[in-house]
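Engineer: My structure is below; once you've seen it, I'll send some questions.
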Amino acid sequence: MKKIIMTGLTAAIFLTSCQEPPSGTTAATETAAVSVPVQQQAQTFLDSYSVTYQKLYTNSAEAEWASNTKIVEGDSTNAVATRKANEAFAAFTGSAENIAQARTFLEQKSHLTDLQVKQLEAILYAGANNPQIIPDVVKARIKAETEQTEKLYGFDYRIYEKSVSTNDIDNILKSEKNVKKRLDAWQASKEVGPQLKEGLLNLRQLRNQTVQSLGYDDYFTYQASDYGMTREEMMGLMKQLNEELLPLYRELHTYARYEMAKQYGVKQVPDYLPAHWLPNRWGQDWSAMVEVEGIDLDGALKPKGAEWLVQQGERFYTSLGFPEMPETFYTRSSLYQLPESAGYKKNNHASAWHMDLDKDVRSLMSVEPNSEWYETTHHELGHIYYYMTYTNPDVPVLLRAGANRAYHEAIGSLMGLAAMQKPFLAELNLIDKDAKTDEVQTLLKEALSYVTFIPFSAGVMSEWEHDFYAQNLPANQLNKRWWELAKKYQGIVPPSDRGENYLDAATKTHINDDAAQYYDYALSYVILFQLHDHIAKNILKQDPHATNYYGKKEVGDFLREIMYPGASADWRLMLKEKTGEELSARAMVAYFQPLMDYLKEQNKGRKHTI
């Protein structure tokens with residue numbers, strides 16, 4: 001017989017729910033009599049848990065911030081502090097007592113409010129990543145994650161023996177016409193991979209062990225469960241998105257092969273795109289290959305300076321009726337590239353941070369005055385304004401997150417798209433409002449950013465991580481599998497053989513420190529086009545290809561209604577209520593439909609290979 005040990009709180013709930021009702025009471029009054037004290041007990045637990053959770057979360061975020069903004073080779077001070085803070089947070093969220101308490105209440109969920117149930121489920125989800133029934137494994141995982149981050153962001157990228165930043169590499173790949181120089185930059189971007197292999201294999205074991213202790217099959221399954229989906233359902237959805245967009249992607253791929261072969265002076269058009277031909281380290285965004293006549297956004301932004309980009313991003317949101325950002329955003333964020341004399345490095349991957357789940361919001365960027373950072377800045381501030389909007393008295397601390405993870409990315413990407421549309425750019429005098437622009441070329445440039453991203457995110461990244469965590473992909477097949485998927489989904493091949501002495505997957509930030517959830521980004525693009533389609537057609541009454549959100553308070557009101565409830569809202573119901581349709585690539589396909597006729601005409605007589 002198993003011995004049951006109950007804390008005072010659990011025992012009180014148990015006694016409350018098991019007492020026999022007085023004779024003569026009805027079932028309804030009996031249920032009501034039980035529900036009130038159960039709700040009170042649950043709220044007492046949630047209030048107490050939330051106070052400690054917020055404090056430890058903040059400590060962890062502060063330590064992570066220090067580790068990401070000041071990386072000094074050989075100095076482990078920040079790493080040690082980060083590890084300790086994360087261990088304390090893990091010990092609390094994964095404590096056997098907290099998990100048991102949450103489970104006990106959820107066994108009586110019919111007596112709880114929906115808001116209480118959602119918070120309790122959030123506690124169990126957090127606990128599954130840090131279960132203290134295996135504290136040594138959790139500590140080892142935290143240590144390994146901290147070390148992996150420092151290796152990744154402390155890496156010294158070099159071209160011709162000269163240290164370069166990832167921004168430098170990206171700029172070469174976007175603009176360099178010399179194929180040999182492009183190849184050198186691309187290869188330099190992959191040199192960090194081998195140094196990350198041992199750490200990533202260790203992290204796989206530790207991440208899987210951590211969540212398996214509470215019943216999940218693997219880490220990928222755990223992450224997908226945050227959407228209320230199995231991993232099979234998630235991968236099925238990714239397959240659906242790829243299939244819906246394949247006809248358009250196939251035309252883009254053929255067009256790019258022939259145009260790039262012409263650009264680089266290659267007479268024999270290759271069946272697959274050499275990775276170093278593309279203007280992005282992973283081939284996820286090809287938009288730099290097209291310059292739209294009449295629009296020189298890089299030229300217009302350069303003299304304005306990096307600070308202007310961030311300030312203009314804020315003006316965009318305030319024009320929609322959102323408040324100004326707190327002054328601490330500017331004083332505490334790390335927004336710009338470090339000077340060469342800094343003496344330390346930082347994480348150059350753009351991100352937004354909700355430091356205390358309250359008023360302290362920050363962004364980590366390396367903004368330069370160009371079109372890519374202009375769009376990225378609007379995206380990151382979208383996260384910031386999402387944080388600020390769901391930080392309100394109606395949303396408990398534990399539910400201060402997006403309706404799902406993809407919603408957060410969708411809001412940011414939506415604002416990035418809106419900020420790049422011609423009527424808005426003309427209002428800012430970044431382009432001449434009377435300039436004659438080729439609308440098809442504009443749409444092509446957008447497709448080379450948004451559509452080309454789907455095979456990478458829903459295909460390569462999601463399937464590789466699925467195989468890595470759920471199928472225990474063998475250590476001697478990691479790079480082979482990466483390039484098999486790149487060829488299958490993106491139609492991209494490496495410039496030369498990439499054996500298992502490389503680990504090109506690990507050069508992507510998210511493989512290391514935001515693992516097994518890259519489908520968030522694929523889903524976010526689908527959601528963003530559904531939201532944009534609704535805003536353009538039903539609120540602004542404008543062509544979705546030529547909108548101007550600026551100053552439209554009704555657009556701000558629509559977005560605020562989505563953002564305000566945070567994770568307390570059901571993401572499926574939210575999408576259906578706000579757009580009138582279920583999750584679907586319909587709006588995305590429709591947006592780019594005018595481009596299909598152009599591409600088919602351009603590709604007449606050309607060979608399709610995917």
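Laboratory data are not the source of any read-out in this text; all were calculated from the coordinates shown. Please read these numbers as outputs of a predicted model, since none were measured by experiment. So basically every Cβ, Gly included, is an ideal-geometry build from the backbone, and we count neighbours across all protein chains shown.
Engineer: For the chain, find the longest principal axis of its Cα atoms and tell me its angle to the long axis of helix 231-263, 0 to 90°, nearest 10.
Structural biologist: Compared with the principal axis, the helix lies near 10 degrees.
Engineer: Another question, then. Going by how many other Cβ atoms sit within 10 Å of their own, how do Ile142, Ile562 line up, fewest first? Spell out each step's value before the answer.
Structural biologist: Working: Ile142 22, Ile562 25.
Least to most surrounded, the residues fall as Ile142, Ile562.
Engineer: Which one of Ala188, Pro279, Ala506 is farthest out on the positive end of the charge dipole of the chain, using unit charges on Cβ (Lys, Arg +1; Asp, Glu -1) and the Cα centre as origin?
Structural biologist: Checking the options against the dipole of the chain, the answer is Ala188.
Engineer: Rounding to the nearest 20 debye, state how big the charge dipole of the chain is about its Cα centre with +1 on each Lys and Arg Cβ and -1 on each Asp and Glu Cβ. Spell out each step's value before the answer.
Structural biologist: Values: 64 positive and 80 negative charges, 211 e Å.
Dipole of the chain, to the nearest 20 debye: 1020 debye.
Engineer: If I fit a long axis through the Cα atoms of helix 593-602 and take the longest principal axis of the Cα atoms of the chain, what angle between them do I get, 0 to 90°, rounded to 10?
Structural biologist: So the inclination is approximately 30 degrees.
Engineer: Sticking with this one: What are the ³J(HN,Hα) couplings of the stretch 101-111, residue after residue, when phi is run through the Karplus curve with 6.51, -1.76, 1.60 and θ = phi - 60°? Round to Hz, x for glycine and proline.
Structural biologist: Couplings: 4, 4, 5, 4, 5, 5, 5, 10, 4, 5, 9 Hz.
Engineer: In addition: Could you list the trypsin sites (Lys or Arg not before Pro) in the stretch 532-610 that lie in coil according to DSSP, counting only those with at most 11 other Cβ atoms within 10 Å of their Cβ? Write down the numbers at each step before the final one.
Structural biologist: Working: sites: Lys537, Lys541, Lys552, Lys553, Arg560, Arg572, Lys576, Lys578, Arg586, Lys600, Lys604, Arg606, Lys607; in loops: Lys541, Lys552, Lys604, Arg606, Lys607.
Listed in order of number, the matching sites are Lys541, Lys604, Lys607.
Engineer: Distance check, please: which entries in Lys436/Lys552; Lys304/Lys422; Lys180/Lys508 exceed 21 angstrom between their Cα atoms? Can you show the working numbers first?
Structural biologist: Working: Lys436/Lys552 26 Å; Lys304/Lys422 19 Å; Lys180/Lys508 23 Å.
Beyond 21 Å between Cα atoms: Lys436/Lys552; Lys180/Lys508.
Engineer: How about Lys84: which aspartates and glutamates have a C-alpha closer than 20 Å to its C-alpha, ignoring those fewer than 8 places off in the same chain?
Structural biologist: Glu62, Glu64, Glu73, Asp75, Asp136, Glu145, Glu147, Glu150, Asp356, Asp513, Asp514
Engineer: Continuing with this model, one more query. What is the angle, in °, between the Cα long axis of helix 306-319 and the longest principal axis of the Cα atoms in the chain? Nearest 10 is fine, range 0 to 90.
Structural biologist: 60 degrees
Engineer: Using only helices, what value at 222 nm comes out for the chain when you add -39,500 (n - 2.57) per DSSP H run of length 4 or more and divide by the total residues, to the nearest 500 deg cm²/dmol?
Structural biologist: Numbers: 26 runs with 348 residues, N = 610.
Per the formula, -18000 deg cm²/dmol.
Engineer: How large, in Å, is the chain by the Kirkwood hydrodynamic radius built from its alpha-carbon pairs?
Structural biologist: Details: mean 1/r = 0.0387 Å⁻¹.
Averaging 1/r across every pair of different Cα atoms and inverting gives 25.9 Å.
Engineer: Another question, if that's okay. How big is the stretch 484-539 along each principal axis, measuring the range of its Cα positions in Å and listing the largest first?
Structural biologist: That works out to 53, 26, 13 Å along the principal axes.
Engineer: Taking the dipole about the Cα centre of the stretch 191-347, with the C-beta of Lys and Arg at +1 and of Asp and Glu at -1, give me whichever of Leu320, Tyr336, Leu241 is farthest to the positive side.
Structural biologist: With unit charges placed on the Cβ atoms, the residue in question is Tyr336.
Engineer: Once phi is turned into ³J(HN,Hα) by the Karplus curve 6.51 cos²θ - 1.76 cosθ + 1.60 with θ = phi - 60°, what whole-Hz value does each residue of the stretch 456-464 show in order, with x for glycine and proline?
Structural biologist: 6, 6, 7, x, 4, 5, 5, 6, 5
Engineer: Past the 24 Å Cα-Cα mark, which pairs from Lys346/Lys488; Lys445/Lys607; Lys174/Lys487; Lys55/Lys139; Lys162/Lys480?
Structural biologist: Working: Lys346/Lys488 34 Å; Lys445/Lys607 22 Å; Lys174/Lys487 21 Å; Lys55/Lys139 19 Å; Lys162/Lys480 30 Å.
Result: Lys346/Lys488; Lys162/Lys480 exceed 24 Å.
Engineer: Could you line up Trp282, Trp277 from fewest to most neighbouring Cβ atoms inside 10 Å?
Structural biologist: Details: Trp282 19, Trp277 24.
Listing Trp282, Trp277 from fewest to most nearby Cβ atoms yields Trp282, Trp277.
Engineer: Measuring from the lowest to the highest alpha carbon on each principal axis, how far does the stretch 488-610 reach, largest first, in angstroms?
Structural biologist: Largest to smallest, the principal-axis extents are 53, 43, 27 Å.
Engineer: Would you mind checking which residues have amide H under 5 Å from Val493's amide H? H placed 1.01 Å from N; only 5 or more apart, or other chain.
Structural biologist: Leu273, Ala275
Engineer: Counting other beta carbons within 10 Å of each Cβ, put Val138, Val269 in order, fewest first. Write out the running numbers ahead of the final one.
Structural biologist: On the way: Val138 24, Val269 15.
The most exposed by this proxy come first: Val269, Val138.
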